[in-house]
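Heads up, the thing below is written out as structure tokens.
The values are calculated or read from the model by the stated rules, or taken from the named source; none is laboratory data. Computed from a predicted model, the values in this text were never measured in an experiment. Glycine also receives a Cβ, built like all others from the backbone with ideal geometry; neighbour counts cover every protein chain displayed.
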Amino acid sequence: MSGIMELLQSYEEVIDVYEFVGEWEVWIGYQKVRIKVLKDKNGGYVSSTSHYYHGSQQAGPYISSINGGKTVEAAVREAMRQLLTFYRPDDENAKWVVNDSY
């Protein structure tokens, strides 16, 4: 854990700490999606996406329960898996739903 993360964790009011690693923009079809990766206090990496894909045959947008890994690359792969698992470029009624927690 970095010195700053340890410093922040030393405050009793702080319940968790993440360090920003990077953010990338990808275009999937005509939709710009951002992927953010954070490092957690245990050295793992978690990702989040700015949007979720909601295909017209799905009940709701797909939000994966797996969003991280032991490397930055693993976290990015999980983000891309979330975005592309149900993605169909020919689904004209599909929507991209904004992730309000991004």
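From (1) under 10 Å from the mean Cα position of the chain (by Cα); (2) more than 17 Å from SER101 (Cβ to Cβ); (3) of a type outside the set (Ser, Thr, Tyr), pick out the condition that doesn't hold for ALA79.
So the condition that ALA79 fails would be (2).
Filter region 61-85 for residues that are of a type in the set (Ser, Thr, Tyr) and in contact with a strand residue (DSSP E or B) (Cβ under 7 Å, 6 or more places away or on another chain); which is farthest from SER48 (Cα to Cα)? Let's see the steps before the verdict.
Just the residues of region 61-85 that are of a type in the set (Ser, Thr, Tyr), to begin with: 62, 64-65, 71, 85.
Filter once more, keeping what is in contact with a strand residue (DSSP E or B) (Cβ under 7 Å, 6 or more places away or on another chain): 62, 71.
Values: TYR62: 13, THR71: 14 Å.
Per the stated criteria, the residue is THR71.
Tell me, please, whether a residue that is surrounded by 17 or more Cβ atoms within 10 Å (Cβ to Cβ), outside any strand (DSSP E or B) and free of Cβ contacts under 8 Å to residues at least 24 places away in the same chain can be found in region 71-90.
No, the conditions are met nowhere in region 71-90.
Working only within region 91-102, note down all residues that are surrounded by 13 or more Cβ atoms within 10 Å (Cβ to Cβ) and farther than 14 Å from LYS36 by Cβ.
ASP91, ALA94, LYS95, TRP96, VAL97
Looking for whichever is at positive phi and either in contact (Cβ under 8 Å) with a residue 12 or more places away in the chain or not polar (S, T, N, Q) (or both) here; the options are GLY3, GLY68, GLY43. Which one fits?
Values: GLY3 fails: at positive phi; GLY68 fails: at positive phi.
Being at positive phi and either in contact (Cβ under 8 Å) with a residue 12 or more places away in the chain or not polar (S, T, N, Q) (or both) holds for just one of GLY3, GLY68, GLY43, which is GLY43.
In region 11-43, what count of residues is obtained for those that are among the polar types (S, T, N, Q) and either touching a helix residue (DSSP H, G or I) at 6+ places or on another chain (Cβ under 6 Å) or modelled with pLDDT under 95 (or both)? Talk me through it step by step, then tell me what you get.
Kept after step one, since they are among the polar types (S, T, N, Q), are these residues of region 11-43: 31, 42.
Narrowing further to those that are either touching a helix residue (DSSP H, G or I) at 6+ places or on another chain (Cβ under 6 Å) or modelled with pLDDT under 95 (or both): 42.
So the count comes out to 1.
So which residues in region 44-57 are part of a loop (DSSP other than H, G, I, E, B) and either surrounded by 14 or more Cβ atoms within 10 Å (Cβ to Cβ) or under 14 Å from the mean Cα position of the chain (by Cα) (or both), if there are any at all? Give the steps one after another, and end with the answer.
To start, the set of residues in region 44-57 that are part of a loop (DSSP other than H, G, I, E, B) comprises 44, 50, 55-57.
Within region 44-57, GLY44, SER50, GLY55 qualify.
What tally of residues in region 91-102 results from selecting those that are touching a residue at least 40 places away in the same chain (Cβ under 8 Å) and either outside any loop (DSSP other than H, G, I, E, B) or closer than 26 Å to PHE20 by Cα (or both)? I'd like the intermediate steps shown before the answer.
Residues of region 91-102 touching a residue at least 40 places away in the same chain (Cβ under 8 Å): 94-99, 101-102.
Those left that are additionally either outside any loop (DSSP other than H, G, I, E, B) or closer than 26 Å to PHE20 by Cα (or both): 95-99, 101-102.
Here the count works out to 7.
Can you tell me how many residues within region 18-43 are surrounded by 12 or more Cβ atoms within 10 Å (Cβ to Cβ), farther than 19 Å from LEU84 by Cβ and in contact with a Leu (Cβ under 7 Å, 6 or more places away or on another chain)?
3
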